[in-house]
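The values are calculated or read from the model by the stated rules, or taken from the named source; none is laboratory data. All of these numbers come straight from a predicted model, not from anything done at the bench. Positions of Cβ are generated from backbone atoms using ideal geometry, with glycine treated the same way; all protein chains shown enter the neighbour counts. Accessible surface is based on the protein model in full, side chains and every heavy atom, while ligands, DNA and RNA are left aside. Shrake-Rupley method; radii C 1.70, N 1.55, O 1.52, S 1.80 Å.
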Amino acid sequence: MQSTMLVASLVALSAFSAYAYPSVPLAVYPAPVPVLPAVKSQFHAQDELGQYTYGYTDGLSAKTETKTFDGVTRGGYSYLDSNGIVQNVNYVSDPANGFRVAASNLPLAPVPPPAALPVAPEPVKDTPEVIAAKEAHLAAAREAQSVASTDSPAEESETPETPETPEAPEAPVTPEAVPAAPEAPKSEEPIVAAPAPAAIIPAAAPAPIFAPAPIIPAPAPAPVVYSAPVPAPVVYSAPAPIVAAPAPIVHAPAPIVHAPIVSQFHSQDELGQYSYGYAGGPSAKSEIKTFDGVTRGGYSYVDANGIVQSASYVSDPVNGFRVAATNIPQPAVPVAIPDSPEVAAAKAKHFQLSAEAAAAAAAAPANE
């Protein structure tokens with residue numbers, strides 16, 4: 001009875017819960033994408049000439065800088081500011097121009113508003129009063145010019161009288177009178193004498209631009225006298241005793257030896273990878289390790305005999321350390337030693353007895 005009541009109560013409770021809390025589908029959210037942290041790394045290299053290069057990088061900032069033998073330094077860096085914006089800076093520094101920088105976070109000067117172009121003033125126009133005055137003035141000028149041209153008296157030219165010639169005796173007049181020649185019509189236009197031409201004034205000679213420098217004759221070269229040198233007089237005297245002079249000490253210059261450039265470098269990251277090395281002088285070395293745990297490297301040096309020895313090696317977790325070098329001892333090659341006459345005779349006798357014993361054993365009847 002109790003079990004029946006328990007089952008009924010459970011059924012009623014499930015029905016009430018289904019009515020009171022309707023089923024809502026659950027929202028399915030995708031799994032978050034794993035964010036891989038940025039690999040941090042750094043490097044550095046330099047030499048004895050003052051040249052170097054170094055840098056690093058991580059998740060929020062990075063920087064590199066290089067200096068060359070001419071004293072010029074170049075570099076740059078970047079970082080994430082408080083507003084989440086990546087800021088970049090690049091710079092150059094040299095002895096001639098100093099330090100110069102270009103960056104994304106430098107304050108910019110305000111841009112001035114565009115200025116209006118200047119407009120040229122309009123030309124001054126005449127007022128109606130000025131226009132009327134100009135027209136009146138021009139009319140008066142024309143009228144005065146016409147009056148002056150009409151009132152100018154014409155100058156009559158006087159012709160000189162020609163001397164009278166003695167008259168010839170008159171011829172007897174015939175009844176038929178000779179008609180007189182018609183007189184030439186007189187011209188009423190006055191004869192105006194041509195104006196005298198203006199006198200031609202010769203132009204003045206142009207002044208010289210510069211006065212020529214006086215020519216100074218060069219001094220005469222000294223005479224060259226060719227003469228043979230006067231020979232020294234030959235003096236015959238007894239020979240001087242021969243004295244062995246000490247040999248002169250000659251200081252030979254020391255040979256110039258150019259020392260090799262010493263340099264080194266090193267870089268690494270947080271994954272365990274690295275690379276380093278150096279060079280210069282009597283030795284050099286370099287080594288690198290990758291993320292898979294394999295180490296490779298090599299070195300060289302000059303030994304006591306003046307011979308360059310070199311070695312290369314590889315090391316990994318599977319095959320261990322392996323090396324190849326020029327100074328590893330090599331196994332001796334075995335040399336065949338010839339038998340002495342006694343040993344050769346003993347060997348021959350031994351082989352002969354062995355052959356006889358084998359023949360006797362083969363000829364003997366087999367034991368039943």
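Count, please, the residues in region 82-105 that happen to be surrounded by 10 or more Cβ atoms within 10 Å (Cβ to Cβ) and part of a loop (DSSP other than H, G, I, E, B). Total meeting the criteria: 3. Within region 296-311, the set of residues being part of a strand (DSSP E or B) and not aromatic (Phe, Trp, Tyr) comprises Arg296, Gly297, Gly298, Ser300, Val302, Val308, Gln309, Ser310, Ala311.
Of the numbered criteria (1) part of a strand (DSSP E or B); (2) in contact (Cβ under 8 Å) with a residue 24 or more places away in the chain, the one Leu49 fails is (1). When Gly293 is tested against (1) in a helix (DSSP H, G or I); (2) in contact (Cβ under 8 Å) with a residue 24 or more places away in the chain, just one condition goes unmet, and that condition is (1).
When Val257 is tested against (1) at pLDDT below 90; (2) more than 25 Å from Leu49 (Cα to Cα); (3) open to solvent by 90 Å² or more (accessible area, probe 1.4 Å), exactly one condition is not met: (2). If you go through region 324-346 one residue at a time, do you hit one that is free of Cβ contacts under 8 Å to residues at least 12 places away in the same chain, touching a Ser or Thr at 6+ places or on another chain (Cβ under 9 Å) and part of a strand (DSSP E or B)? No, the conditions are met nowhere in region 324-346.
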